[in-house]
Amino acid sequence: MVAKRPRIVIVGAGIAGLTAAHRLRTAAGDLLDVTVLEAGGRLGGRVLSSHFAGDRVEMGATWIHGIDGSPIHAVAAAAAALSPDPLHPSYERMDGFPAAPVTVAEGGGVVPPSVVDSVSSFYRSLMDSVKEGRVPATAEINSVGSFLRTSRSAVTAAGDWTLEAVFAMNENTERTYTAADDLETLDLAAESEYKEFGGDQITIARGYSRVVEHFAAALPEGSVRLNAKVVEIEWCDAADGDSPARVHVDGGGREEEVVVADHVIVTVSLGVLKAGLKKDAGRGSAMRFSPGLPAFKKEAIGRLGFGVVDKLFMEMDGEDEGFPYLQLAFHPDRHVGKIPRWMRRTASICPIYGGSRVLLAWLAGAEAAEMEEAEEDDDVIGGVHATLEGFHVGGGGRRHVRRVRRSAWGKDPLFLGSYSYVAVGSSGEDLDRMAEPLPRGGRSSLRLMFAGEATHRTHYSTTHGAYFSGVREADRLLQYYRYGSSC
Ligand SMILES: Cc1cc2nc3c(=O)[nH]c(=O)nc-3n(C[C@H](O)[C@H](O)[C@H](O)COP(=O)(O)OP(=O)(O)OC[C@H]3O[C@@H](n4cnc5c(N)ncnc54)[C@H](O)[C@@H]3O)c2cc1C
């Protein structure tokens, strides 16, 4: 008699889902029946390499944040993805600039480098003290934003608006790092729990998607199903605690398919989980759980932050090679020309490597969401031109954007945002709660499991956090079935 193989369904084929599938496959081979259900038509989730104007660009995850100890770096190296492709050597890497960034002031003029350096190093010293846990949280100062607000007076007291603008420029960069629209919502205490790797921060010459392909290549054919949107997970039968889970897959107008599983690992974004909590979440519009998730899980999902960060790539006209690395100091009160609101908290516009005709701006929060809503690319191009004019960059309309490519993570129903952060009112413990399998402590306690960047206490918001979470849940199962997990 052939023993029944445990059935494992993984929801989502991003880094977390594929890492989990890869780990289970390499450790247990055919002993486990693993299926990955992905709603979209491609692998990778928030990892998406693309081409624009002849350069390789990343629409989502871009950096390996520190190569020392990074599993993503190890995988990229194993996949031979770190050295440029001789046939398509140009890729987004933010280096090779002939000069240091030029900080331009709204209305014209350059902010002296000595001013930029002193304000920026003051800002960095403030953030270092937060990250090293040297700033005790109090009732009044409980967020990164409130701490920065009280410290900012050292620069605003001088009465020179450019100092304030450079300080704000640093805050705007922080918003893209953390995805917190308003730094007043970014929990102060949790910032010191967030861990970073040492060593260089690099991009992946052959594209971040190579990492995804590396994991997928080890999986048996047919084990990853694309365009398979999970609409409901029946994970616990009150009458029979031992019955398996039933995963409902959207039939695209036809009858739903039900996939039966002994274990389900959910890796969808925190944004998708939040949408499922909404009272009006109709069948098909979000992923639902039956029975509903327990209160501790719902509360953690509700309290944690999940923000929007987008990338805007701009192709400049042929003669515009040599665009500088521009940092933008916006006037805090006096707005010049027709610069659109969605550009007003952009910290920089710069080529994706020295000499590239492709420029990049990062946008966060409400501004990113507003840019996503612009119906026509021409409206976005008009906004960029107005910004360059407002800063008197390349006067006389010489700097011409030919076309743009923009991400839209906030409105994409498969993500509903970009990455998570610990919001005021939440804590690192909520990230641990996100990771807890269900039912809590029950007999079949690994029925419903959770992975994904928003389930990692110290590396949330990153690809390596997603990776670690996938390995964690795979190892939980391998231990359960005693296939050895320290592989
Ligand atoms: C603009 C941007 C820049 C970033 N930059 C960096 C960076 O420089 N460095 C870094 O380390 N990280 C970066 N990140 C974050 C990083 O991309 C993510 O943390 C990581 O990729 C998340 O992986 P995941 O597997 O947890 O989730 P996801 O990639 O979101 O995977 C979840 C999958 O679930 C699928 N799904 C959703 N709903 C359903 C459903 N109902 N049924 C079935 N499938 C479903 C989705 O389509 C998706 O493929 C960036 C992200 C963005 C958006």
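Given a 1.4 angstrom probe, what's the average accessible area per residue across the chain, in square angstrom?
42 Å²
As an exercise, identify the GluC sites (Glu not before Pro) in segment 306-405 lying in DSSP coil whose Cβ has no more than 15 other Cβ atoms within 10 Å.
Those satisfying the criteria are Glu321, Glu375, Glu376.
Stretch Asp378-Glu221 to full length: gain in nm at 0.36 nm per residue minus the Cα-Cα span?
Extra length available between Asp378 and Glu221 comes to 52.3 nm.
Hey, what number do you get for the chain at 222 nm if only DSSP H runs of n ≥ 4 count, each worth -39500 (n - 2.57), divided across all residues, to the nearest 500?
-9000 deg cm²/dmol, from helical runs alone.
Please give the helix 113-131 orientation as an angle from the longest Cα principal axis of the chain, in degrees from 0 to 90, rounded to the nearest 10.
On a 0 to 90 degree scale, this one is about 30.
By how many degrees, 0 to 90 and rounded to 10, does the Cα axis of helix 377-390 deviate from the longest principal axis of the chain?
It works out to around 40 degrees.
When the dipole is taken about the Cα centre of segment 111-191, and only Lys, Arg (+1) and Asp, Glu (-1) are charged at their Cβ, what size is it in debye, to the nearest 20?
Magnitude of the dipole: close to 180 debye.
Expressed in nm², what is the orientationally averaged projection area of the convex hull enclosing the Cα positions of segment 111-191?
The orientation-averaged projected area of the Cα hull of segment 111-191 comes to 5.2 nm².
Please list, or write none, the aspartates and glutamates whose alpha carbon is within less than 16 Å of the alpha carbon of Lys338, excluding same-chain residues fewer than 8 places away.
Those aspartates and glutamates meeting the cut-off are Glu106, Glu367, Glu370, Asp378, Asp379, Glu389.
How big is D for the chain, in µm² s⁻¹ as a whole number, if Stokes-Einstein is applied with the Kirkwood radius of its Cα pairs at 20 °C and 1.002 mPa s?
90 µm²/s
Could you give the length gained by full extension between Arg402 and Val260, i.e. 0.36 nm per residue of separation minus their alpha carbon distance, to one decimal place?
Length gained, Arg402 through Val260: 46.0 nm.
According to the Cα gyration tensor, what semi-axes, each the square root of 5 times an eigenvalue, does the equivalent ellipsoid of segment 155-237 have, listed from largest to smallest in whole Å?
Sorted largest first and rounded, they come to 42, 22, 14 Å.
If a paramagnetic tag sat 7 Å from the Cα of Glu193 along the Cα-Cβ line, which residues of segment 31-69 would have the backbone N under 17 Å from that point?
Hits in segment 31-69 for Glu193 at 17 Å: none.
Which length gain, in nm to one decimal place, applies between Ser290 and Asp317 when the Cα-Cα distance is subtracted from 0.36 nm times their residue separation?
4.3 nm
Residues in segment 148-162, backbone N under 12 Å from the label point at Tyr177 (7 Å along the Cα-to-beta-carbon vector): list them, ranges by number please.
none
What nm distance separates the two modelled labels at Glu140 and Lys338, each placed 7 Å from Cα along Cα→Cβ?
The modelled label-to-label distance comes out at 4.5 nm.
Can you pull the percent of the chain's accessible area that's carbon plus sulfur, 1.4 Å probe, other chains left in place?
C and S fraction of accessible area: 51 percent.
Using +1 at the C-beta of Lys and Arg and -1 at the C-beta of Asp and Glu, which of Val57, Tyr483, His73 has the Cα lying farthest in the positive direction of the dipole of the chain?
Farthest towards the positive end: Tyr483.
List the trypsin sites (Lys or Arg not before Pro) in segment 212-311 that DSSP assigns to loop (not H, G, I, E or B) and whose Cβ has at most 12 other Cβ atoms within 10 Å. Which are they?
Those that pass, being in a loop and sparsely packed, are Arg254, Lys278, Lys279.
Amide H to amide H, which residues 5 or more places from Phe197 or on other chains are under 5 Å from it, using H placed in the peptide plane?
Residues meeting the amide H criterion: none.
Would you work out which of Ala100, Ala217, Leu438 lies farthest towards the positive end of the dipole of the chain? Charges go on Cβ: Lys and Arg +1, Asp and Glu -1.
Comparing the listed Cα positions along the dipole, Leu438 ranks first.
Which net charge results when you count Lys and Arg as +1 and Asp and Glu as -1 among the other residues whose beta-carbon is under 12 Å from that of Ala105?
Summing Lys/Arg as +1 and Asp/Glu as -1 gives -2.
Among Thr178, Val111, Asn142, whose Cα sits farthest toward the positive end of the charge dipole of segment 111-191 (+1 at Cβ of Lys/Arg, -1 at Cβ of Asp/Glu, about the Cα centre)?
In segment 111-191, that residue is Val111.
Assuming R0 = 51 Å, what is the FRET efficiency of Ser445 and Asp95, from their Cβ-Cβ distance, to the nearest 0.05?
Step by step, r from the Cβ atoms, then E = 0.60.
The values are calculated or read from the model by the stated rules, or taken from the named source; none is laboratory data. These numbers were taken from a predicted model, which means no experiment stands behind them. Quick reminder, even Gly has a Cβ in these numbers, built from the backbone with ideal geometry, and neighbours come from all protein chains shown. The area values use the complete protein model at the heavy-atom level, side chains included, leaving out ligands, DNA and RNA. Shrake-Rupley method; radii C 1.70, N 1.55, O 1.52, S 1.80 Å.
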